[in-house]
Every structure is written in C-alpha cells, then in structure tokens.
Amino acid sequence: MKIFQITIAILFSLSIYSQKPAYVIYNAKGKKVSYKKMIKNLNQKDIILFGELHNNAIAHWLELEVTKDIHKNKTVTLGAEMLEADNQTQLTNYVNGVSDAKTLDTVARLWPNYNTDYAPLVNYAKKNKLHFIATNIPRRYANLVYKKGFKSLDTLSAQEKEWIAPLPITFDSELPTYKNILKMMGDHGTPELVMAQAIKDATMAHFILKNYKANTTFIHYNGAYHSNNYEGILWYLKNENNTLNYATISTVNQEDLTKLKEKHLNIADYIICVDADMTTTY
C-alpha cells in the first residue's frame, strides 16, 4: 500500500511538471521568475506600468490577477491608456455607481474589446471603491499632432488643455523607441508621427503622477511599446519625478518558452512570455 501511494505521488508530480505552460515570467536579464516573487517585488513599488499586447488573453488575465494580489496588501489606484482624459467624469460616475455600463458605453469612446479585456478591471475598481484614471490624450488631439506637430496644441482652449500634458511638451526625438518608430514605418514615418506617440506618453505620465498618492501603488495598463526599454511613459515619469519607485512589465509572444529571446532582454523589469499559439481576444 505504501509503495502504491509513493508511486501515485510520483506520477502526480510528473503530471504537474510535464504540463505545457501558457506563459513564463522572466526578469530583465532573462532569468525565470515565479509569479509569487514578482508580486513580492511589485508590492514595494509606487508606480507599475503593465505593458500588454492589446489582444493577448494572458496579459489581460494577469493584469487583473496582479491588481488583485497587490491590492491585498496596499491601497491601489488604477489607470489605463484605453480610456481618454476627457471621459474621466463619465468613468468616475460609473465606478461610483452614479451611472450604468450602458451609459458609459454610450458616452465614452470605449475600445471595441473593452467588454472582454478592460471591463473586468474597471468593474474591479467599482466593486472595491478604487479610483480609476483615464490617462490618455483624447485621440482627436493626438491626430492633430500627427498632422501638424506640437504647435497645433497651442490653438486649444484652456479647457481642452486640461486633458493633455502641460505645454510645451518636452520631447527627445533621439530616444531609441521613437527612432525605431520611423524605422518601422519606413516611407510612412514622419517626425509628426513620433510626436503623436510622445504626446500620448507625456499625457499618460502626467495623469499618473497627478493622481498618485503617497504610500499607495498606481497600476497603469498600457500597450507594451509605451513603456518598453524603460522609455515612453517611464521616461516622462522620471523626467518629472525621479524619486518614486517604478516597475515595468512587458508582454511578448514566443513559440518556445524555455528561453527568452535576446531581442526581448532588458525591455522591462518583468517580461511575460506567452505561447505564440495562445488564443487572442480579437
């Protein structure tokens, strides 16, 4: 009987360790890190930038799980690229129970995948009475910059300027992330295109810092490119306040999860490496 029990235990252990993982977490140097260890470290941070791939189911699930686990130990404020600053009143009304989900969907410019990918985060804030900040620049102003550059923002009214980062916008076109945008876009790349990316980064950083409270953690959800390589949003955050403790997370896809590809090293403090065959949300 004892031998039988030992055999069953061994088979059970082998079954556990032979399961194919959907994702693996790595640190910046490419060393595998447990979820528990990552959370322990993130609990010490003031601001966390969770970089996602917008259609990645694992990233969306982990955004909620990370939020829940950090909230067990600390007060948290949530914020997202997917919600624009001029919709803050409507978002706050929903989170505070003043309006319903149908009203939010009607008055706010929600992304097509909001219900599957971001509503769980907003609803978590609502259920737990947390602040949720719409951090992104209204897209019409980003489009204005794309067409005419930063100078076009000078024409905005005082009210409209409340929904973007303070002018003039600090901008370093030599940052590798921004230079790479031009490289990726080829003949379609323009200096104004990079400026449009920068105004988003600057505005998100502005609203993160504006709503950060001491002794809490601000968790921000954004496309990975907005915080990869410790640039983008993080560059603007540090440019404004270099005394806070920041952490970045990125999401990547790989066919082989056993080793992080060299191109993904050092893009963030933690890299969530997801099986390339994972089902996407759209």
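What share of the DSSP beta bridges in the chain is antiparallel, in percent to the nearest 5?
DSSP beta bridges in the chain are roughly 20 percent antiparallel.
Sum -39500 (n - 2.57) across every DSSP H segment of at least 4 residues in the chain, then divide by the residue count to get the 222 nm mean residue ellipticity, nearest 500. Numbers along the way, then the final one.
Working: 11 runs with 116 residues, N = 282.
After summing the helix terms and dividing by residue count, I get -12500 deg cm²/dmol.
Would you list Trp111, Trp61 from the most to the least accessible area, probe 1.4 Å?
Largest accessible area first, the list is Trp61, Trp111.
If you count only protein heavy atoms and use a 1.4 Å probe, how large is the accessible surface of Tyr236, to the nearest 10 Å²?
For Tyr236, solvent-accessible area is about 20 Å².
Using a 1.4 angstrom probe on heavy atoms only, work out the carbon and sulfur share of the accessible area of the chain in %.
53 percent
In nanometres, what is the gap between the two model label sites at Leu182 and Glu65, each 7 Å from Cα along Cα-to-Cβ?
About 4.1 nm separates the two model spin labels.
Where does helix 139-148 land angle-wise versus the long Cα axis of the chain, in degrees 0 to 90, nearest 10?
60 degrees
Please list His226, His206 from largest to smallest accessible area, probe radius 1.4 Å, with all protein chains kept in place.
His206, His226
Just the accessible area per residue of segment 165-251, please: how many Å² with a 1.4 Å probe?
Here the per-residue accessible area is 45 Å².
For the chain, what ratio Rg/Rh do Cα atoms give with a Kirkwood hydrodynamic radius?
Value, to two decimals: 1.02.
Just flag the GluC sites (Glu not before Pro) in segment 180-282 sitting in loop per DSSP whose Cβ has no more than 10 other Cβ atoms within 10 Å.
Those that pass, being in a loop and sparsely packed, are Glu255.
Quote the Stokes-Einstein diffusion coefficient, in whole µm² s⁻¹, for segment 17-104, based on the Kirkwood radius over alpha carbon pairs, a temperature of 20 °C and a viscosity of 1.002 mPa s. Show your work: numbers first, answer last.
Working: Rh = 15.6 Å.
Roughly 137 µm²/s, to the nearest whole number.
So which GluC sites (Glu not before Pro) in segment 142-181 pass both tests, a DSSP loop state and at most 10 other Cβ atoms within 10 Å of the Cβ?
Glu174
Any idea what the dipole of the chain comes to, in debye rounded to 20, about its Cα centre with Lys/Arg Cβ at +1 and Asp/Glu Cβ at -1?
860 debye
The values are calculated or read from the model by the stated rules, or taken from the named source; none is laboratory data. Everything quoted here is computed from the prediction, not taken from an experiment. Cβ sites come from the backbone with ideal geometry, for glycine too, and all protein chains shown count toward neighbours. Heavy atoms of the whole protein, side chains included, go into the accessibility calculation; ligands, DNA and RNA do not. Shrake-Rupley method; radii C 1.70, N 1.55, O 1.52, S 1.80 Å.
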